[in-house]
Amino acid sequence: MKYIDFLQENNIKRKNNKIGDNMESKFKDLINKFQVIKNKNWVQSIRKGSTGIGRTFENLLKIEENNLNEPDYKGIEIKTKRHYSNAYTTLFN
C-alpha cells in the first residue's frame, strides 16, 4: 500500500497538504511495519484485558512498554482498539 493511499483510505488529511520530509519518512516506516503485522492475520494477545491489544501491537513494533506522556513511535502516537468496540479514542488528556 502506498503512503498516499493509506492516508486516503484512513481519511487522514495532511496539514496544508504538507508533512515534513522527516516525519513523512517516519509515517512510511510505520505503515510498512503495519503491513507486515497485518499480513500475519491473527496474533495472540500477550496480555489479557483492555490493554492487551495496544501492548501486543507495540510489542510487534518492538516498542518497550512505558508510561511516558509522549508519542509511542518516532514522534507518532499509536492508538488501538477492538474492531467491535464502542469506546472513545482519546488522543490528548
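The values are calculated or read from the model by the stated rules, or taken from the named source; none is laboratory data. Nothing here was measured: the structure is a model prediction, and the numbers come from that model. For neighbour counting, all protein chains shown are included, and Cβ atoms are generated from backbone atoms with ideal geometry for every residue, glycine included. Calculation scope for accessible area: heavy atoms of the full protein, side chains included, ligands and nucleic acids excluded. Shrake-Rupley method; radii C 1.70, N 1.55, O 1.52, S 1.80 Å.
Can we say SER25 is at pLDDT below 95, among the hydroxyl-bearing types (Ser, Thr, Tyr) and farther than 20 Å from ALA87 by Cβ?
Working: at pLDDT below 95: yes; among the hydroxyl-bearing types (Ser, Thr, Tyr): yes; farther than 20 Å from ALA87 by Cβ: yes.
For SER25, the condition - at pLDDT below 95, among the hydroxyl-bearing types (Ser, Thr, Tyr) and farther than 20 Å from ALA87 by Cβ - is met.
Name the single residue that is farthest from LYS38 (Cα to Cα) among those in the range 49-89 being hydroxyl-bearing (Ser, Thr, Tyr) and open to solvent by less than 70 Å² (accessible area, probe 1.4 Å). It would help to see each step written out before you state the result.
Here is the first cut: in the range 49-89, the ones hydroxyl-bearing (Ser, Thr, Tyr) are 50-51, 56, 73, 80, 84-85, 88-89.
Still in the running and open to solvent by less than 70 Å² (accessible area, probe 1.4 Å): 56, 73, 80, 85.
Working: THR56: 13, TYR73: 17, THR80: 13, SER85: 19 Å.
Residue satisfying both the conditions and the ranking: SER85.
Scanning for something loosely packed, with under 13 Cβ neighbours inside 10 Å and part of a helix (DSSP H, G or I), does the range 38-48 turn up at least one residue?
Yes, there is a match, as at least one residue in the range 38-48 is loosely packed, with under 13 Cβ neighbours inside 10 Å and part of a helix (DSSP H, G or I).
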